[in-house]
Structures are given as C-alpha cells and as structure tokens.
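Colleague: Before I ask anything, here is the structure I am working with.
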Amino acid sequence: MDDNCIFCKIARGEIPSATLYEDEDLRVILDLGPASKGHALVIPKSHAANLFELPDETAQKAIVAAKKVGTRLKEGLHADGLNLVQNNGATAGQTVDHFHIHLIPRYENDTVNVKWQPGVLGEADKEEVLKLFL
Ligand code: 5GP
Ligand code: ZN
C-alpha cells in the first residue's frame, strides 16, 4: 500500500468507485474518463507501479480478470471488439503509477485510437533485439 496512490485507495475500497468485479486480489472499475462505453480498469489491490514491478502471480490474476470482465462487457454491451491496453512509463502514456489494464470495448465507427503507423523491420534493429534473447 502506497499512502499517496489513488489506485491503492480505490482498489481497497477507501475511495468509492463503480465496481464491476472484486475479489481478494483485485478490483475492476469503470474509468472516469472513458474512451468508449464500458471502458474499465483492472486494478490489483497490492501496489506495483508498473508491469516491471508486478509479481507473476498478480499478473496471472489480472489477465484472468481482464478475460472474465472483458467477455462480459463485450457480450453485454454488444461491442464489436475489445482492446486491452496497458501503459508503462509516462512516455508510453501512463498517468497513474499503479499497474492497471485498460479494457476498452470497441464499436464500429467509434473514435477510439490505438493505432500506429507501421514501420519496416530493419536488419540492424532485428539483430540488436534478437541478441537480447540469445
Ligand atoms: P493510464 O493513463 O495511467 O494508463 O490510465 C489511467 C486511467 O485512469 C485514465 O484512463 C483515467 O481516466 C483513469 N482515472 C484516473 N483517475 C481516476 C479515478 O479517480 N477514478 C477512475 N475510475 N478512473 C481514474
Ligand atoms: Zn498503488
């Protein structure tokens, strides 16, 4: 628990939230600034700032919850698709430093933007990255 962390307080129920699912390890809530109808956040109850700090066991539980709630959202809201988004670091768009997974239901012709301009995989980059996993 980080005393200054808003998601710690929300996850533990100290600050009220629109909760879709809760168990002893995590809470899934509606995002206050939704990208689309049903935009939700999977928030572990124990504090980890980002993916790099997240214990494996919590990672497993978070993805299972994302699957469970994401399926219900997609079916119940008749969404056409669902994006999972998970930001790490300010450069990657993270604004709250407590690990969370976004569940963003997608609807035909919505205005959500999670696209990028595709590049071309260059030889030098490919070799550099592959070397990390030798
Ligand atoms: P990030 O940019 O860190 O990946 O996502 C943070 C998300 O948390 C944003 O989508 C933002 O709208 C949401 N958010 C920030 N503060 C609150 C809050 O107090 N309550 C809820 N429900 N969502 C919040
Ligand atoms: Zn926290």
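Colleague: Tell me the net charge near L26. Cut-off is 9 Å between Cβ atoms, L26 excluded, with +1 for each Lys or Arg and -1 for each Asp or Glu.
Modeller: So the environment of L26 carries a net charge of -1.
Colleague: Quick one: if you stick a label point 7 Å off each Cα along the C-beta vector at D110 and R12, how many nm between them?
Modeller: 3.2 nm
Colleague: Also, I was wondering about something else. What trypsin sites (Lys or Arg not before Pro) does region 46-125 have in DSSP loop regions with at most 13 other beta carbons within 10 Å?
Modeller: Of the trypsin sites (Lys or Arg not before Pro), the ones in loops of region 46-125 whose Cβ has at most 13 other Cβ atoms within 10 Å are K115.
Colleague: Helix 56-76 against the longest principal axis of the chain: what's the angle in degrees, Cα atoms only, rounded to the nearest 10?
Modeller: Tilt relative to the chain: about 70 degrees.
Colleague: In terms of modelled amide H atoms, which long-range or inter-chain residues lie less than 5 Å from the amide H of L82?
Modeller: R106
Colleague: Ordering L54, L132 from largest to smallest accessible area (1.4 angstrom probe), what's the sequence?
Modeller: Sorted by accessible area, descending: L132, L54.
Colleague: Another question about this same structure. Take the alpha carbon atoms of region 20-58, find their center, do the same for region 109-123, and report the distance between the two centers in whole angstrom.
Modeller: 25 Å
Colleague: Would you tally the net charge around N4, using a Cβ to Cβ cut-off of less than 13 Å, leaving N4 out, and scoring K and R as +1, D and E as -1?
Modeller: Net charge around N4: -3.
Colleague: From the square roots a ≥ b ≥ c of the eigenvalues of the alpha-carbon gyration tensor of the chain, which class results: rounded (a/c under 1.5), prolate (a/b over b/c), or oblate?
Modeller: Here the chain falls in the oblate category.
Colleague: When the accessible area of the chain is computed with all protein chains present and a 1.4 Å probe, what percentage of it is carbon and sulfur?
Modeller: C and S atoms contribute 54 percent here.
Colleague: What accessible area per residue, rounded to a whole number of Å², is obtained for the chain using a probe radius of 1.4 Å?
Modeller: The answer is 67 Å² per residue.
Colleague: If you take the beta carbon distance between F133 and K68 as r and set R0 to 25 Å, what does 1/(1 + (r/R0)^6) give as a FRET efficiency, to the nearest 0.05?
Modeller: With R0 = 25 Å, the Cβ-Cβ based efficiency is 0.20.
Colleague: Still on this structure, please answer the following. Say R0 is 30 Å: what FRET efficiency, to the nearest 0.05, do V120 and N88 get from their beta-carbon distance?
Modeller: Calculated transfer efficiency: 0.75.
Colleague: Ignoring the sites themselves, what is the longest stretch of the chain with no GluC sites (Glu not before Pro) in a DSSP loop and at most 15 other beta-carbon atoms within 10 Å?
Modeller: 25-107
The values are calculated or read from the model by the stated rules, or taken from the named source; none is laboratory data. Computed from a predicted model, the values in this text were never measured in an experiment. FYI the Cβ positions are ideal-geometry reconstructions off the backbone, even for glycines, and counts take in every protein chain you see. Ligands, DNA and RNA are excluded from the accessible area calculation, which covers all protein heavy atoms including side chains. Shrake-Rupley method; radii C 1.70, N 1.55, O 1.52, S 1.80 Å.
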